[in-house]
Amino acid sequence: MAATLPAPRGRIDFVGIGFAIALSVAIIFPLIVVGTWAFTEVWRYPNIVPQQFGLRFWNQTLSRADVWSALTLSLQLSTVVTLLSAAICLPAAYAFARMTFPGRNVLFFSFLAGHAFPKFGLLVAIAAIFLQLNLIGTFWGVVLIQLVGTLLFMIWIPVAAFQSVDRRMEEAARDVGASPLRVFWSITLPQAGPTIAAAVLLSFVGTFYETEGAWLIGAPGIRTMPVLMITFINNQMVIQYGAVLSVLLWVPSFIALMFARRVIGGGAFARGFGG
Amino acid sequence: MTAVSQASARPLDQGENRRRPYGLLLVAAPVLLVAWLVIWPIVSAVGRTLFQRSDEGAIEFTLDTYLFFFSDRYSLDNLTVTLWTTGMCALLLFVICLPIALYLRFSAGRLPAYVQSLAIFPMFVPSIILSYAFIRVLGPNGMVDILLNAVGLPKIRTPYLTPWGPVIGLVWDNIPLTVLILLSGLGNVSNQAIEAARDVGARWGQVLWHIILPRIGNSILVALSFSVLGIFSSFTLPYVLGPAAPEMMGPFMQRTFRDVNDPQMAITQAVITFGFCIVFGLFYVRSVARNQGK
């Protein structure tokens, strides 16, 4: 967008104002309504604003045992999946970026396979395999299914990061006698690090919110936070429970939003999706 | 590379290990995982539905489960509503996102930056929170009803639990990627080409039709493939916002697998969704691969 000229002076950007208003209404307004519900004690139809604000339902929601066990479980799952994913994907990403070996291209693109099929259909096919292995309803079953979901991100983004490291700086460091490990630690990692961190964060948050695999593979034993949300919504329990959980759940997403801006801003993200 | 580094050859150095496949070892774990949990389930699903054990114990080729699916009224209704939802979402996404992307491409400043961050924002709203917000805003006695009532208008016919519920939710959810993909495609349209056309008197409609659209055709198809793949077998939004019957393929497969406890039929439904999406999947892989190759 840098190539375009600024609009001529004095012209009001009506189109832009139109889009800004329409998108604000369609995207921000629903979230404000949810936020309002979270801090509402009494709000009866047809009042435009709640009759009584308060934190009573925060206490009630947070004193529910199922909320805490779901939250702990979700955090455990996300941590285990992200660590496993980083452990197997980052070395692979380095290899894809820097080494030549037979079948490199085919293997690199094989990670697309999971995204070339409709996701839930694939999950059902995996669930059929897990059924024979008795992995349905187990922690590790859900770990495996969520791990598969992180592979593409955790390999492709770090590969791009490793490739964008200035090779001449690495070679210069080698020339003055630095060991490969030293080069990796002092030259490669500082340059590739931030992008890799963003990929790790994305995979953590993505796993935290992953609903479909957890629902299909995990039920009934494994109840993650999003799965608990679905039951809250379906059972039409106290409206505020859902609102409080939404606000709580949105915090990690907000952190991701802040950190991921650099990854998404680069346009590399859309290209990764084939744009 | 100098003689010094040649002498101190180490495994991480690409120059020396070209013939030694250390790389294969490093990539083995994720590749095997893909083979086990993506490739094998698909092959196995197709195999298990086409070759079943007959009553005598012999394994034979059969189309029974497929014939059942395509002769069962309820299954066909579910398939139809899935196709309708996917088509409607794709259409709405195109109509909504192309103007946004065009606006973002051809303007600069603070307002477009604000519009862009709004358009990308849904990417950071998990679909389960979106479902909840949808119910509170468009559901019965939701915020829209409250506001309409306040100005003396009748309530809306709520889209919650109708086929329109998932459509609205899925469009909302897919706006960011569609805009980003289209915007990235519009990056290939040079300002000179447009200025040249404008200089010879082309109207904006003609510029769009003759200059812009042909150049972003590929991006439009990528965006289409991506949203079709995502929407066709979506689960959470149709499950929470959609009607109980007919239901989309996602909830249908889930119910067949878990509640009806008929994995065989669920896999058949999965293979049928693969069949309907195969063209989009192949196209998606091809264009991503081509892009990466550049």
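The values are calculated or read from the model by the stated rules, or taken from the named source; none is laboratory data. All figures in this text were calculated on a predicted structure; none of them were measured in a lab. Using ideal geometry, Cβ is built from the backbone for each residue, glycine included, and neighbour counts are taken over all protein chains shown.
This table checks each residue for (1) over 23 Å from A:V227 (Cβ atoms); (2) among the charged types (D, E, K, R); (3) part of a helix (DSSP H, G or I).
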residue: A:I126; (1), (2), (3): no, no, yes
residue: A:Q146; (1), (2), (3): no, no, yes
residue: A:L152; (1), (2), (3): yes, no, yes
residue: A:I157; (1), (2), (3): yes, no, yes
residue: A:G177; (1), (2), (3): yes, no, no
residue: A:S203; (1), (2), (3): no, no, yes
residue: A:F208; (1), (2), (3): no, no, yes
Among the residues of the stretch B:91-99, is any away from every other protein chain (no Cβ under 11 Å), β-branched (V, I, T) and free of Cβ contacts under 8 Å to residues at least 12 places away in the same chain? yes
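Does A:S253 fit the bill of being surrounded by 16 or more Cβ atoms within 10 Å (Cβ to Cβ), part of a helix (DSSP H, G or I) and modelled with pLDDT of 80 or more? Break it down stepwise before answering.
On the way: surrounded by 16 or more Cβ atoms within 10 Å (Cβ to Cβ): yes; part of a helix (DSSP H, G or I): yes; modelled with pLDDT of 80 or more: no.
When the stated conditions are applied, A:S253 does not pass them.
Does the stretch A:37-63 hold any residues that are aliphatic (A, V, I, L, M) and either in contact (Cβ under 8 Å) with a residue 60 or more places away in the chain or surrounded by 10 or more Cβ atoms within 10 Å (Cβ to Cβ) (or both), and which are they?
At the first step, the residues of the stretch A:37-63 found to be aliphatic (A, V, I, L, M) are A:38, A:42, A:48-49, A:55, A:62.
Those that are aliphatic (A, V, I, L, M) and either in contact (Cβ under 8 Å) with a residue 60 or more places away in the chain or surrounded by 10 or more Cβ atoms within 10 Å (Cβ to Cβ) (or both): A:A38, A:V42, A:I48, A:L55, A:L62.
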Could you tell me which of the residues B:V151, B:V179 is within 11 Å of another protein chain (Cβ to nearest Cβ) and closer than 28 Å to B:L104 by Cβ? B:V179
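Give the residues of the stretch A:77-104 that are closer than 30 Å to A:T224 by Cβ, more than 7 Å from chain B (Cβ to nearest Cβ) and in contact (Cβ under 8 Å) with a residue 24 or more places away in the chain, sorted by residue number. Can you show your working first?
We begin by selecting, within the stretch A:77-104, every residue closer than 30 Å to A:T224 by Cβ; these are A:77-93.
Applying the additional criterion that residues be more than 7 Å from chain B (Cβ to nearest Cβ) yields A:77-87, A:90, A:93.
Scanning the stretch A:77-104 gives A:L77, A:S78, A:T79, A:V80, A:V81, A:T82, A:L84, A:S85, A:A86, A:L90, A:A93.
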Among the residues in the stretch B:159-177, are any surrounded by fewer than 17 Cβ atoms within 10 Å (Cβ to Cβ), of a type in the set (V, I, T) and under 29 Å from B:S225 (Cβ atoms)? yes
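Tally the residues that are among the polar types (S, T, N, Q) and more than 9 Å from every other protein chain (Cβ to nearest Cβ), restricting the search to the stretch B:219-245.
As a first pass, look at the stretch B:219-245 and keep what is among the polar types (S, T, N, Q): B:219, B:225, B:227, B:233-234, B:236.
Next, only the ones that are more than 9 Å from every other protein chain (Cβ to nearest Cβ) stay: B:227.
Total meeting the criteria: 1.
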Inside the stretch A:105-117, can you point out the residues that are at the interface with chain B (Cβ under 7 Å from one of its Cβ atoms), of a type outside the set (A, V, I, L, M, F, W, C) and either free of Cβ contacts under 8 Å to residues at least 12 places away in the same chain or farther than 12 Å from B:V34 by Cβ (or both)? A:S110
Anything in the stretch B:252-287 that is without any contact (Cβ under 8 Å) to a residue 12 or more places away in the chain and either among the aromatic types (F, W, Y) or facing chain A (nearest Cβ under 8 Å) (or both)? List them, or say none. B:F257, B:R258, B:P263, B:L282, B:V285
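For the stretch A:65-74, indicate whether the set of residues that are within 9 Å of chain B (Cβ to nearest Cβ) and buried (at least 19 other Cβ atoms within 10 Å of the Cβ) is non-empty.
Checked the stretch A:65-74: no residue is within 9 Å of chain B (Cβ to nearest Cβ) and buried (at least 19 other Cβ atoms within 10 Å of the Cβ).
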Any helices (runs of 4 or more DSSP H) falling wholly within the stretch B:181-294 and containing at least 1 residues that are at pLDDT 90 or above and in the same structural domain as B:Q116 (by TED's automatic domain parsing): B:213-232, B:236-241, B:249-254, B:263-293
Output the residues belonging to the stretch B:132-141 that are at pLDDT below 90 and more than 8 Å from chain A (Cβ to nearest Cβ). B:G139, B:P140
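Which count do you get for residues in the stretch B:100-122 that are more than 8 Å from chain A (Cβ to nearest Cβ) and either aliphatic (A, V, I, L, M) or outside any helix (DSSP H, G or I) (or both)?
Start the filter on the stretch B:100-122 by keeping residues that are more than 8 Å from chain A (Cβ to nearest Cβ), which leaves B:101-102, B:110, B:113, B:116-117.
If we keep only those that are either aliphatic (A, V, I, L, M) or outside any helix (DSSP H, G or I) (or both) as well, we get B:101-102, B:113.
Adding up the residues that qualify gives 3.
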I need a count of the residues in the stretch A:88-106 that are in contact with a helix residue (DSSP H, G or I) (Cβ under 8 Å, 6 or more places away or on another chain), surrounded by fewer than 19 Cβ atoms within 10 Å (Cβ to Cβ) and in a helix (DSSP H, G or I). 2
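So which of B:I100, B:I42 ends up being in the same structural domain as B:F274 (by TED's automatic domain parsing), out of contact with any Lys or Arg (no Cβ under 9 Å at 6 or more places or on another chain) and β-branched (V, I, T)?
After ruling out the rest, the residue left standing is B:I100.
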Single match in B:P243, B:P238, B:P251 (criterion: out of contact with any His (no Cβ under 6 Å at 6 or more places or on another chain) and farther than 30 Å from B:L50 by Cβ): B:P243
Test result for B:R73, within 13 Å of chain A (Cβ to nearest Cβ) and basic (K, R): no
